[in-house]
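The values are calculated or read from the model by the stated rules, or taken from the named source; none is laboratory data. Everything numeric in this text was worked out from a predicted model, so none of it was measured. Virtual Cβ from ideal backbone geometry, glycine too; neighbours counted across all protein chains shown. Side chains are part of the model used for accessible areas, which takes the heavy atoms of the whole protein and leaves out ligands, DNA and RNA. Shrake-Rupley method; radii C 1.70, N 1.55, O 1.52, S 1.80 Å.
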Amino acid sequence: MSEENSTPKTTKDKKPARRFRERWRALLTPLMAIVTALILGAVVIVVTDTSVYEAFEEGFGVGLGRAVEVIATAYGAFFSGAFGNPGRMVNGLRIWIQTGDGRAWTQSLYPITETLRYATPLIFAGLAVALGFRGGLFNIGAEGQYFIAGLTTVFVGYALTGVPWFIHAPLALLAGILGGAVWGVIPGYLKAKTGAHEVINTIMLNYISFRFAEYMLDVGGPMARGDGRPVSPLVQPSARLAQFFPSNADIRFNIGFILALLAAVFVYWLLFKTTIGYEIRTVGQNPRAAKYAGMSVSRTIVLTMALSGGLAGLAASTDILGVIGFMPNAFSSGYGFDAIALALLGNSHPFGVVLASLLFGALQAGARNMQGVARVPLDLTDILQGLIIIFIAAPAIIRALYRIRTAESGEEVVMTRGWGQM
Amino acid sequence: MPPVLELRGITKRFPGVLANDRIDLTLEEGQVLALLGENGAGKSTLMNILYGLYKPDEGEIFVRGKKADIHGPGDAIALGIGMVHQHFMLVPVLTVTENVMLGMEPIKQKLFLDREAAARRIRTISEQYGLDVDPYALVGDLPVGIQQRVEIIKLLYRQADILILDEPTAVLTPQEVLGLFQVIRSLLAKGKSIIFITHKLKEVLEISDNIVVLRGGRVAGTALPQKSNERSLASLMVGREVILTVPKEEAQPKEPVLEVENLRVKGEGAHIAVHDISFDVRAGEIVGVAGVQGNGQTELVESLTGLRPAQSGVVRLLGKDVTHASPRVITEAGAAHVPEDRQRDGLVLSYPVADNLILNTYYLPPIAQKMLMQEPAIQQNAERLVAEYDVRTPSVLTPVGSLSGGNQQKVIVARELSRMGQLVVAAQPTRGLDVGSIEYIHSQLVRKRDAGAAVLLVSAELDEILSLADRIIVMFEGRIMDIVPIEKATREDLGLLMAGVHPDEHSADAAAVKEAA
């Protein structure tokens, strides 16, 4: 609107203190979004609990007390489900030191490992969508890429025998990357060559992949186990990812989480430190300027979709090789769709995606415990996730509510473009 | 009678910037007040205050002698103040009538829009002020000049009698500017008053009754057009003596760098935009391409730089056939390109200055080693170019989008001219820029020429061509009308050529007419 306020006369660089304040402010909005969602979630818990109504009939004070109790139980269960019970941890540690028996200690770590396990595929899928956003592509097809990668991973996982684990497991992961990448390249190529919108094509490819997996895995299908269940055979032990706590069968926390963190570092490095990342981001921000600069816009689009698909594929691979051990017909996880929310929540930054995935992982793990202990339905997670996303997507609500000042805007990520605009 | 509008001591501070510092301004009824100033001088802020978009920190506004409190555009409109923004506020998919009545739609039978009533009023206004426009045309189909009329009609429809025109000529062709001036005169004749914001000196001298020059947020001076000239206004605006014509030696053209033979290029859709044209540009000369916008210049430049495929013909750069080469190949063969639309093609607005300065060298050492971007080299490159090309930016990490237009263009010029290019293709390099930046960019182009580069300068501003070019190509409907050496070029002849008429034909016609009489 005015050119005046955008041409400050100072030429000094920003002071570190100011930069820190800006970072903090950028984090403050998502943080307050989570807090607000938890508050509204508490309201939902209270109004859906019949015991609160009964208590209110006895008297206002009794009702209020009951409401507070219900919320405390629910969120107490939620937090111990997501992060563990500190008392139990200390106790387990003591037993371990005194008797040398570490089982109680390991068991007390179960909740936090569940959070990390849930977060693992979310990180991969979130990175896939975030990378697409950076390249100006809206990959709604992470779910379909996940399915195809599941098939390729599990096939290499069970069909290949007699190879050592250090070859088999990487090979199975690679198969997942390739499966997802191929499924991502198809809409990428169509966009680059014909201008067909990737949103439509990825959605259509999702359906194809669902049905294809059904065909492959259904009873009597080419990849079915053959015992009358619509699931694939078990993958060979040599293809399984290493577990952190092999002694405890409950804990399914595996090396996949480390791979996810490495993937985040890789995506960060690729996007911000390499010429390929510069090309991806330039095409995403301004395809015409990219063309002007001599970049190949179509090649970059295809590459971005391949990388995005490969990352989505790793979500399936780590799930199968690290956790389930086979591929069920009803594999659908919703990761591909959660991933869109995660990319938004993480501002399409790899590290932001990791934080958002950890949050969603904690919500999943916590909600399961909350359902078991406090009898609050699992669906509350969906409500909490939905609220958080709304508040993140409409940050003005949170800023107005808590009077947070706007952070200085940097590179904004283009979500998607219209038909054939390149 | 009190003045129709008076501002007293308006002050507005933004964090770190004093945008307006005790500004006084008086607009008399039926007059044009020109508000002149460079980008960033405080013109837009002042007008946004007047229009209620900003609240002043100090100062008062009087409308027709009465103190006015303006808290938003609604208040401004109620006081009869209307504004045509530099970027039009129109809905392209709606008709002229729908756009004009938006926000105050006439209703019939309590439920239905009365488009006819609105269209009738628009017709009346059109006739009254000579603003010819079809009320049922879709706004998106109209040329920019007519869209601007729609904006003016919108104000008149709301019975505004103080009209603020923010850089109204920036997007217009010379012919459209003349049309706008006619409209302004008819508005004045009907008693309207106008504030005309610009940084174009010629226009100010032609149309205004009074001139206020802003510089650095303050009133640098006031002037009367009769007692001013371009030079005096320019120095008032910039705060120092300004050289309006670039000093340059006679060109020493050497071997041809760019050779174009029978080039044919398609435009948008199926029509041929460039018809089999041939010319060359030699080392050490500036060849200007003159012509009214839309006569194939854009397509010519895009084709030469690899952004648009050629249909037939040959383009050679330093003897190498680059007719069907990609932008990368052409760039590497030694061409630099200052694109016509800097924000659309030449910059990534969200990127910092530093990242924009490597847009077409990002993959070459020292900026990148193999595929790794070298942060220190990017930083050094940026620091050096920002200093050398006088880019005013808070830091090299500031997003380019938050710089003024002039500084954005300097980023492009720095990037393109700092490379070892043998050929510089500059399309509209100074469009929309302030005097200081224009002066600077012109001197850089001449410096490049003197260093032995071939420069192809495409401009819709005849003055720019006349002051820079050594030879002038005049284009009309995709064809070259003539190639004129600067010694023989006159404004009149070029004007005729731009309109598609050969001067000799013209005089022959004139003679024929005389004879017949």
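Summary table below
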| quantity | calculated |
| --- | --- |
| Pairs of lysines in chain A (C-alpha under 30 Å apart; 8 or more residues apart or interchain) | 8 |
| Two-decimal Rg to Rh for segment B:256-508 - Kirkwood Rh, Cα set | 0.98 |
| Tensor-based shape of segment A:183-234 (alpha-carbon gyration tensor, a/c under 1.5 rounded, otherwise prolate or oblate) | prolate |
| Folded to 0 to 90 degrees: helix B:115-129 orientation relative to chain B principal axis, Cα | 80 degrees |
| Counted charge near B:Glu250, where neighbours are those whose Cβ lies closer than 15 Å (Asp, Glu -1; Lys, Arg +1) | +1 |
| Total formal charge among the other residues, if their Cβ is under 9 angstrom from that of B:Leu201, Lys/Arg +1 and Asp/Glu -1 | +1 |
| Acute angle (nearest 10 degrees) that the helix B:144-157 long axis makes with the longest principal axis of chain B, alpha-carbon atoms | 10 degrees |
| Span per principal axis, largest first, for the Cα atoms of segment B:5-238 (Å) | 55, 38, 31 |
| Amide H within-cut-off set for B:Met83, under 5 Å, with H built and near neighbours excluded | B:Ile164 |
| Taking the convex hull of Cα positions in chain A, its mean projected area over all directions (nm²) | 27.7 nm² |
| Viscosity 1.002 mPa s, temperature 20 °C, Stokes-Einstein D of the protein assembly as shown from Kirkwood C-alpha radius, µm²/s | 66 µm²/s |
| Karplus-derived 3J(HN,Hα), 6.51/-1.76/1.60, for each residue of segment B:284-293, Hz, glycine and proline x | x, 9, 10, 9, x, 10, 9, x, 5, 4 |
| ³J(HN,Hα), Karplus 6.51/-1.76/1.60, whole Hz, each residue of segment A:244-253, x for Gly, Pro | 7, 10, x, 6, 10, 5, 5, 7, 10, 6 |
| Summed side-chain charge close to A:Ile389 - residues other than A:Ile389 whose Cβ falls under 14 Å, Lys, Arg +1, Asp, Glu -1 | -2 |
| Amide H contacts of B:Arg479 (H built 1.01 Å from N, under 5 Å, at least 5 apart or other chain) | B:His275 |
| In degrees, nearest ten, helix B:174-189 long axis to first principal axis of chain B (Cα) | 10 degrees |
| Rg over Rh, two decimals, chain B (C-alpha only, Kirkwood Rh) | 0.99 |
| Reachable lysines, given that their alpha-carbon falls under 25 Å from the alpha-carbon of B:Lys254 and they are not under 8 places away in the same chain | B:Lys320, B:Lys448, B:Lys488 |
| Shape metrics for segment B:325-433, restricted to C-alpha atoms - Rg then Dmax, Å | 13.2, 39 |
| Under 23 Å from the Cα of B:Lys108 - lysines, other chains or at least 8 residues apart | B:Lys154 |
| Rg ratio (alpha-carbon, reference 2.2 N^0.38 Å) - segment A:91-245 | 1.33 |
| Heavy-atom accessible area order for B:Arg218, B:Arg392, largest first, 1.4 Å probe | B:Arg392, B:Arg218 |
| Chain B - share of DSSP beta bridges that are antiparallel (%, nearest 5) | 55 percent |
| Value of [θ]222 nm, deg cm²/dmol, for the protein assembly as shown, DSSP H segments ≥ 4, -39500 (n - 2.57) each, nearest 500 | -16000 deg cm²/dmol |
| Global size of segment B:411-510 as Cα Rg and Dmax, reported in angstrom | 15.2, 50 |
| Within a Gaussian network of chain A (alpha carbon springs, distance under 10 Å), most fluctuating of A:Pro222, A:Pro170, A:Pro187 | A:Pro222 |
| Nonlocal amide H pairs with B:Gln311, under 5 Å, H built at 1.01 Å | B:Arg264, B:Val265, B:Lys266 |
| Sites excluded, GluC sites (Glu not before Pro) in DSSP loops with at most 16 other C-beta within 10 Å, longest stretch of chain A | A:1-407 |
| Probe 1.4 Å, all protein chains present, accessible-area order of B:His502, B:His324, B:His271, B:His442, largest first | B:His324, B:His271, B:His502, B:His442 |
